[in-house]
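The next block holds one structure in the form of structure tokens; read it before the comments.
Values in this text are rule-based calculations from the coordinates and carry no lab data. Every value quoted in this text rests on a predicted model; they were computed, and no experiment measured them. Positions of Cβ are generated from backbone atoms using ideal geometry, with glycine treated the same way; all protein chains shown enter the neighbour counts.
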Amino acid sequence: MTADEARELFSDALEGELEPAQQRAFEAALAADAELRAEYQAFQETMALTRGLPVAPAGDLLPGVQRRLRARSKGRFYGDRFAQRAGLGVLHPVLLALLMLTLLALAWVGLEALGAVTLPGR
Amino acid sequence: MATDEQRWIERLRRRDEGAFNELVRRHQEPIFRLLSSMLGDAAEAEDVAQEVFVSVFKSIDSFRGDAALSTWLYRVAVNHGKNRIKYLARRARDAQRPLDERTEGQQASMGVMGSRPASPDQVAEALQAEGHVQRALSCLEEEQRVLVVLRDVENLSYDEIVGVTGLPIGTVKSRLHRARLALHKAFRALSEEP
């Protein structure tokens, strides 16, 4: 086996995929050629580094994915369920506050009419 | 009788948000890892990974079930990753910057080469080698980069790589060999830089 033929087998040798006869010929070629042996060793080292490359763990992608889907579907997916059902859209917090104020005012008027509440100075 | 997996995919096809949330949680880690290795930049990888899942949500109907769902997801992610590589190349972004940031920014949380080097010199040497490998990867043509990442970083089987790339197995093996030689050559060149 020539050095060039052996170089063509670097990947297969790395993966342990050489046939027994090929493996023997490959090892003989390495044994006979110090330069080729050093080349294969360096190749193995590069691939070991590549296989050991660290990758930072992913953060939670879900909130970002949901935001994108909500925006692109115009709220059809991952929208605010209450607002969707009520059909109030982004205004619903304001409308809720107004509703609360109205209820409080009505309660106050009702209690005053019943004489349960006395304003200071009356 | 439909398996749990088939029922789950049916829910995905109906755009069931609960099923889709589960899909993201199950697959976000490998998809992010793949893209991070392809792009060499965690922020870009996160952005593209989110786009991958948005795309999956929209196009789940095109999943025919002839491959595993994870293989199909990898295929979608590889396509998005390739597009982002092209986009970044068009913008002529300095390829060096994110790699340096990554090397510096991730060492504390990830360790160096998965081991515990004994001395600061060894740490520095290992970090430099990692940086060189990542830079060498980014020097490869996109298809070569994909093959090296799928096989050597993600440790996918040849059958899975065939499923992701659509290439015949012989082509995968021969192109992967060329890619590894190109990677090794680029790594050697970077290591010999003064």
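Below, the figures for the structure above:
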{"quantity": "Estimated vicinal HN-Hα couplings, Hz - the stretch B:72-83 in sequence order (Karplus 6.51, -1.76, 1.60; Gly, Pro = x)", "calculated": "4, 4, 4, 4, 4, 5, 4, 4, 5, x, 4, 4"}
{"quantity": "Fluctuation leader among B:V76, B:V24, B:V54 - chain B, Gaussian network, Cα springs under 10 angstrom", "calculated": "B:V54"}
{"quantity": "Local electrostatic count at A:S11 - Lys and Arg +1, Asp and Glu -1, tallied over other residues with Cβ under 11 Å", "calculated": "+1"}
{"quantity": "Among B:S119, B:S55, B:S138: highest mean-square fluctuation, GNM of chain B, C-alpha pairs under 10 Å", "calculated": "B:S119"}
{"quantity": "Inter-chain Cβ neighbour average for residues A:40-49, partner chain, 10 Å", "calculated": "5"}
{"quantity": "Max mean-square fluctuation residue, GNM over chain B, Cα-Cα springs under 10 Å, options B:P30, B:P168, B:P120", "calculated": "B:P120"}
{"quantity": "In degrees, nearest ten, helix B:96-110 long axis to first principal axis of chain B (Cα)", "calculated": "80 degrees"}
{"quantity": "Gyration tensor verdict on chain B (Cα atoms; rounded if a/c is under 1.5, prolate if a/b is larger than b/c, oblate otherwise)", "calculated": "prolate"}
{"quantity": "Dipole-positive endmost among B:V133, B:S191, B:T171 within chain B (Cβ charges, Cα centre)", "calculated": "B:T171"}
{"quantity": "Anisotropy class of the stretch A:3-51 from Cα gyration tensor, a/c 1.5 cut", "calculated": "oblate"}
